[in-house]
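Undergrad: The following block contains the structure, expressed as structure tokens.
The values are calculated or read from the model by the stated rules, or taken from the named source; none is laboratory data. Being a predicted model, the structure only gives us computed values, none of them experimental. Note that each Cβ is placed from the backbone with ideal geometry, even for glycine, and that neighbours are counted across all protein chains shown.
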Ligand code: AMP
């Protein structure tokens, strides 16, 4: 199963990717996580990416396409994969087609903008990749990661004004992908609900028709 998960920032792509990855035993890759790792390492690529990320804009297509190309050609992906946050523009989707990668389904998690703004203000993340929300998915001990015990922090690009910019970028550049994939008969839309487990149930149900 080769799956793409899309949705506005904070819609729950990462959380649902984890659930699907565990259930189907296929790796999930987030371009956002890969870019944040490059920023942390201070690589040339990371420096270029940081300016765009901090401004709530997309990192140039050629950078992310290069990263994804390397990843998809690795052995890890031979039995399937979940792409979390890629493609995010029509040229990225066309590049994926040009790589000869066959996509089986595209899941869009739909959450209204006002909810996104509320969710992002409460999001806390960990360097290990885990993600929490102070109200909806609180860690057992406030401010501490359940998985690895590190201190949680707020992502720089979760600042309110950056979130609004990221939503604008999503609607203008990423959302047109829904028509692109609907035309190929691959799009499945699921409403992102208040409780993670309810969204997961709907996601699994929607994807069950694609299971072999
Ligand atoms: P995310 O963690 O998926 O919300 O991504 C965080 C940020 O990384 C985005 O706001 C973009 O600046 C950048 N980013 C992640 N994936 C992509 C992509 N496929 N294309 C361009 N920029 C991306």
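Undergrad: Which numbered condition in (1) farther than 28 Å from residue 57 by Cα; (2) modelled with pLDDT of 95 or more; (3) buried (at least 17 other Cβ atoms within 10 Å of the Cβ) is the only one that residue 144 fails?
TA: Tallying (1) farther than 28 Å from residue 57 by Cα; (2) modelled with pLDDT of 95 or more; (3) buried (at least 17 other Cβ atoms within 10 Å of the Cβ), residue 144 fails exactly one: (3).
Undergrad: Restricting attention to the range 164-179, does a residue exist that is out of contact with any helix residue (DSSP H, G or I) (no Cβ under 7 Å at 6 or more places or on another chain), farther than 14 Å from residue 7 by Cα and within 16 Å of the ligand (Cβ to nearest atom)?
TA: Among the residues of the range 164-179, at least one is out of contact with any helix residue (DSSP H, G or I) (no Cβ under 7 Å at 6 or more places or on another chain), farther than 14 Å from residue 7 by Cα and within 16 Å of the ligand (Cβ to nearest atom), which makes the answer yes.
Undergrad: Would you tally the residues in the range 1-26 being touching a strand residue (DSSP E or B) at 6+ places or on another chain (Cβ under 7 Å) and more than 13 Å from the ligand (Cβ to nearest atom)? Quick ask: steps written out before the conclusion?
TA: Taking the range 1-26 first, the residues touching a strand residue (DSSP E or B) at 6+ places or on another chain (Cβ under 7 Å) are 2-7, 10-18, 20-21, 26.
Those still in the list that are more than 13 Å from the ligand (Cβ to nearest atom) too: 2-3, 18, 20-21, 26.
Final tally of qualifying residues: 6.
Undergrad: Would you tally the residues in the range 39-51 being surrounded by fewer than 16 Cβ atoms within 10 Å (Cβ to Cβ) and either in contact with a strand residue (DSSP E or B) (Cβ under 9 Å, 6 or more places away or on another chain) or under 17 Å from residue 92 (Cα atoms) (or both)?
TA: 0
Undergrad: Suppose we filter the range 147-163 for residues that are out of contact with any strand residue (DSSP E or B) (no Cβ under 7 Å at 6 or more places or on another chain), within 15 Å of the ligand (Cβ to nearest atom) and farther than 13 Å from residue 58 by Cα; how many remain?
TA: To start, the set of residues in the range 147-163 that are out of contact with any strand residue (DSSP E or B) (no Cβ under 7 Å at 6 or more places or on another chain) comprises 147-150, 156-157, 159-163.
Subset that is within 15 Å of the ligand (Cβ to nearest atom): 156-157, 159-163.
Next cut, farther than 13 Å from residue 58 by Cα only: 156, 159-161.
Total meeting the criteria: 4.
Undergrad: Sticking with this structure for a sec: So in the range 200-212, with the set limited to residues that are out of contact with any strand residue (DSSP E or B) (no Cβ under 7 Å at 6 or more places or on another chain), surrounded by 13 or more Cβ atoms within 10 Å (Cβ to Cβ) and in contact (Cβ under 8 Å) with a residue 12 or more places away in the chain, which one is farthest from residue 18 (Cα to Cα)?
TA: Among them, the one singled out is 204.
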